Amino acid sequence: NAGVTQTPKFQVLKTGQSMTLQCAQDMNHNSMYWYRQDPGMGLRLIYYSASEGTTDKGEVPNGYNVSRLNKREFSLRLESAAPSQTSVYFCASLVHGGGELFFGEGSRLTVL
Amino acid sequence: QKEVEQNSGPLSVPEGAIASLNCTYSDRGSQSFFWYRQYSGKSPELIMSIYSNGDKEDGRFTAQLNKASQYVSLLIRDSQPSDSATYLCAVNPKFGNQFYFGTGTSLTVIP
């Protein structure tokens, strides 16, 4: 049982490049989330998807796009990376009817 | 004003002592509250959830909720070096789908 799987785990980009972070969960959860974590800033919600086919903006959506491909997969895309997007990105999924978020291992992104 | 506020610490306690971590939140209608532990370089993991006023105990951990004061705390009794981590407070307003996290409190337990 893998839980929440994120790829890639590490990535270095140059300013202006694009990339997609992939996330998949095998727990049949309805809701999925993308957070970023920066020193001193805690976890900040970028986008979330309450169910397949729906997505909503969180606190810091600018510069990002998301796709809820199916119930299992929720991807985060950076169209034109900026140094301010250097961060650790966490994908999470939510137990239906409960409050526990299950997190992936994180993706460490550096934009030069 | 941030949705969830925590003292960032760092907090240091000797082994065997009680560690007290505090959190306040701004949305008075918030319904559910969580404490996550995050070891350095790892992802957060849930250690406690609390939904009603009062105390909730689970082993060495006690969560306390006071909705009138908009205050949540976590007590760790008999602190162990393995408890050294960052503790994140999270709040789910009105059973919606968004979870707001505090910036975390760094705890070090000194052997």
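The values are calculated or read from the model by the stated rules, or taken from the named source; none is laboratory data. If you're wondering where the values come from, they're calculated on a predicted model, not measured in any experiment. Ideal geometry is used to build each Cβ from the backbone, glycine not excepted, and the neighbour counts take in all protein chains shown. The protein model used for the area step is the full one, side chains on, heavy atoms only, and it has no ligands, DNA or RNA in it. Shrake-Rupley method; radii C 1.70, N 1.55, O 1.52, S 1.80 Å.
Look at residue A:6 and say whether it is farther than 22 Å from residue B:89 by Cβ, in contact (Cβ under 8 Å) with a residue 60 or more places away in the chain and open to solvent by 60 Å² or more (accessible area, probe 1.4 Å). Here the answer is no, as residue A:6 does not meet what is asked. Among the residues of the stretch B:1-60, those identified as in contact (Cβ under 8 Å) with a residue 40 or more places away in the chain, over 29 Å from residue A:107 (Cα atoms) and in a loop (DSSP other than H, G, I, E, B) are B:15, B:16, B:17, B:18, B:26, B:27, B:28, B:29. Applying the criterion of at least 1 residues that are in contact with an Asp or Glu (Cβ under 9 Å, 6 or more places away or on another chain), small (Gly, Ala, Ser) and under 30 Å from residue B:39 (Cβ atoms) to the strands (runs of 3 or more DSSP E) found wholly in the stretch A:34-84 leaves A:42-49.
Let's see how each residue does on (1) closer than 30 Å to residue A:56 by Cβ; (2) open to solvent by 40 Å² or more (accessible area, probe 1.4 Å); (3) small (Gly, Ala, Ser):
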site: B:5; (1), (2), (3): yes, yes, no
site: B:19; (1), (2), (3): no, no, yes
site: B:46; (1), (2), (3): yes, yes, no
site: B:51; (1), (2), (3): yes, yes, no
site: B:70; (1), (2), (3): yes, no, no
site: B:85; (1), (2), (3): no, no, yes
site: B:99; (1), (2), (3): yes, no, no
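To keep it simple, each residue is scored yes or no on (1) assigned to a loop (DSSP other than H, G, I, E, B); (2) among the β-branched types (Val, Ile, Thr).
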site	(1), (2)
B:63	no, no
B:68	yes, no
B:74	no, no
B:82	no, no
B:108	no, yes
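I'd like the residue in the stretch B:27-44 that is surrounded by 18 or more Cβ atoms within 10 Å (Cβ to Cβ) and not polar (S, T, N, Q) and, out of all such residues, is nearest to residue B:110 (Cα to Cα). Filtering first and then ranking leaves B:37. Residues in the stretch B:11-37 that are under 22 Å from residue B:60 (Cα atoms) and of a type in the set (D, E, K, R): 2 in all.
Give the stretch A:45-63 a look and list any residue that's touching a Phe, Trp or Tyr at 6+ places or on another chain (Cβ under 7 Å) and surrounded by fewer than 17 Cβ atoms within 10 Å (Cβ to Cβ), or say none.
A:56, A:57, A:61
Determine whether residue B:107 is in contact with a Leu (Cβ under 6 Å, 6 or more places away or on another chain) and surrounded by 15 or more Cβ atoms within 10 Å (Cβ to Cβ). For residue B:107, the condition - in contact with a Leu (Cβ under 6 Å, 6 or more places away or on another chain) and surrounded by 15 or more Cβ atoms within 10 Å (Cβ to Cβ) - is met. Is it the case that residue B:75 is under 21 Å from residue A:42 (Cα atoms), in contact with a strand residue (DSSP E or B) (Cβ under 9 Å, 6 or more places away or on another chain) and open to solvent by less than 10 Å² (accessible area, probe 1.4 Å)? Here the answer is no, as residue B:75 does not meet what is asked.
Taken together, the criteria exclude residue A:92 from residues that are at pLDDT below 95 and over 13 Å from residue A:20 (Cβ atoms). Condition test on residue A:106, is it surrounded by 16 or more Cβ atoms within 10 Å (Cβ to Cβ), more than 20 Å from residue B:37 (Cβ to Cβ) and within 8 Å of chain B (Cβ to nearest Cβ)? So residue A:106 fails the test.
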